[in-house]
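Since the structure comes first, as structure tokens, the remarks are kept for the end.
Bear in mind that the values in this text are calculations on the coordinates, not laboratory data. Model, not experiment: these values are computed from the prediction. FYI the Cβ positions are ideal-geometry reconstructions off the backbone, even for glycines, and counts take in every protein chain you see.
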Amino acid sequence: MRMVFLGPPGAGKGTQAVMLSEKLNFLHLSTGDILRENVKNNTEIGRKAKSFMDKGDLVTDDIVVAMMLDKIAKDAKDKDFILDGFPRTIYQARKIDEELDKLKIPIDLVVYFETSLKIVIFRLTGRRLCKDCGANYHIVNMPPKKEGVCDKCGSELYQRKDDKEETIKNRLDVYNSQTKTLIDYYREKGILEETSGDLDAGIVYEKLSGILNDRNKIRT
Ligand code: ADP
Ligand code: ADP
Ligand code: ZN
């Protein structure tokens, strides 16, 4: 099964994708993580992407599409995978559909995490990440055992530069103006499922598992 996770920044897409990949062996492909890795390693993609990411604007479509297609071809062709944070524009969606159709590995399911504005802002301002292993925390909702320290590897936690209030506002504007329209795009294709992103992570995960079970029943 090949999935897309759709929803505003802070909806919990990454959190759910990590849980699914740990329990059901999905390969988790997060555009944001891959881009941040490129910035960290100062690659050509990273150098092109950085200024957009710092402002909370979208990185140029062609760069992101080529990067994700390359990643899929290398690591995910024969696997179940989750695209987290991609596509984010209609252009990206059309392009990736076209290319995945050619490879005969089309997207089977798109999960839209409908999440309220207040919750998203609270989650993003409190989000912290491990600088070594990338593990995801929230200072109130999912705090580490020891403040500022990763439970999994003991490294330091940091706040993403774009998780500051002003940049968050721009990212939400970008989501509303460019990404939200993908809900209708996938609904029309008949592969959209919706679930609330507002609930506790464990409950969201249960709902997600329910959707996957139903789909498998339908497909067999
Ligand atoms: P996204 O990938 O959609 O931007 P994340 O998965 O990074 O969202 O989650 C954003 C923040 O909210 C993180 O700090 C995470 O720990 C926290 N979080 C994720 N899901 C939930 C949830 N269901 N309830 C409460 N907090 C959550
Ligand atoms: P979040 O889920 O919290 O919005 P991400 O980690 O997915 O954040 O994305 C961080 C930044 O990376 C975005 O603000 C944008 O600059 C860039 N980015 C991620 N995915 C895409 C995409 N599909 N197209 C263009 N830019 C992207
Ligand atoms: Zn860690």
Under the rule rounded for a/c under 1.5, else prolate if a/b exceeds b/c, else oblate, using alpha carbon gyration tensor axes a ≥ b ≥ c, the chain is classed as rounded
About the Cα centre, and with charges only on the beta carbon of Lys, Arg (+1) and Asp, Glu (-1), how big is the dipole of the range 101-220? Nearest 20 debye, please. 280
Net length gained if the chain between Asp214 and Lys146 were fully extended (0.36 nm per residue, minus Cα distance): 20.6 nm
Pick out which of Gly14, Gly148, Gly56 has the largest mean-square fluctuation in a Gaussian network model of the chain, springs linking Cα atoms closer than 10 Å. Gly148
For every helix of n ≥ 4 consecutive DSSP H residues, a contribution of -39,500 (n - 2.57) applies; sum these over the chain, divide by its total residues, and give [θ] at 222 nm rounded to the nearest 500 deg cm²/dmol. -14500 deg cm²/dmol
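Around Asp97, under 15 Å between beta carbons, what's the net of Lys plus Arg minus Asp minus Glu among the other residues?
Cβ neighbours under 15 Å give a net charge of +1.
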Between rounded, prolate and oblate, where does the range 134-173 land on the alpha carbon gyration tensor, with a ≥ b ≥ c its root eigenvalues, rounded for a/c under 1.5, else prolate if a/b exceeds b/c? prolate
Would you work out if the range 35-142 is rounded, prolate or oblate? Take a ≥ b ≥ c from the square roots of the eigenvalues of the alpha-carbon gyration tensor; rounded if a/c is under 1.5, else prolate when a/b is larger than b/c, oblate otherwise. prolate
What percent do you get for the relative contact order of the range 115-215 when only Cα pairs under 8 Å and 6+ apart count? 22
Env charge @ Ser116, Cβ radius under 11 Å, K,R +1 / D,E -1, value 0
Okay, which of the range 1-19 sit inside 19 Å, backbone N to the point 7 Å along the Cα-Cβ direction of Arg160? 4-19
Assuming 0.36 nm per residue, please report the length gained on full extension of the stretch Lys118 to Ile191 beyond their Cα-Cα distance. 23.5 nm
